[in-house]
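The structure under discussion appears below in the form of structure tokens.
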Amino acid sequence: MTGNLFDRPLFVKRTHFIQEIGCLEDIFEFLEEWPEEKQDIAYETILRACREAVAARFPLNAVRDNFERFLKKNGMLAKIEDIPLLSQRTSGQNVGGA
């Protein structure tokens, strides 16, 4: 899906990690894992928008914006401030016991 990269990624709060969503393929993979019992009209709408974007019939930036709203609605959108930087996690720690 070359050419389907977003201008800036979205970040999803998962159980034990933060997932980066940077392109349509990432959204498709995310939606494949979405529980069947939670596949509501919002799910169907974002899936349809992704398919239309692949066919160049729907703007990529609109898919990204709609997926961001989908994540917010489901309490899964992580803000960039929520993501610890490697430099913050290791500050004050010696690597390798040095």
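Quick notes on this one:
- Among the residues of segment 37-62, those that are in a helix (DSSP H, G or I), out of contact with any Leu (no Cβ under 7 Å at 6 or more places or on another chain) and open to solvent by 70 Å² or more (accessible area, probe 1.4 Å) comprise Glu37, Lys38, Ile41, Glu44, Arg48, Arg51, Asn61.
- Restricting segment 2-33 to residues that are exposed (fewer than 15 other Cβ atoms within 10 Å of the Cβ) and β-branched (Val, Ile, Thr) leaves a set whose member that is modelled with the lowest pLDDT is Thr2.
- Hits in segment 1-36 (condition: touching a strand residue (DSSP E or B) at 6+ places or on another chain (Cβ under 8 Å), outside any strand (DSSP E or B) and closer than 17 Å to Gly75 by Cα): Ile27, Phe30
The values are calculated or read from the model by the stated rules, or taken from the named source; none is laboratory data. If you're wondering where the values come from, they're calculated on a predicted model, not measured in any experiment. FYI the Cβ positions are ideal-geometry reconstructions off the backbone, even for glycines, and counts take in every protein chain you see. The protein model used for the area step is the full one, side chains on, heavy atoms only, and it has no ligands, DNA or RNA in it. Shrake-Rupley method; radii C 1.70, N 1.55, O 1.52, S 1.80 Å.
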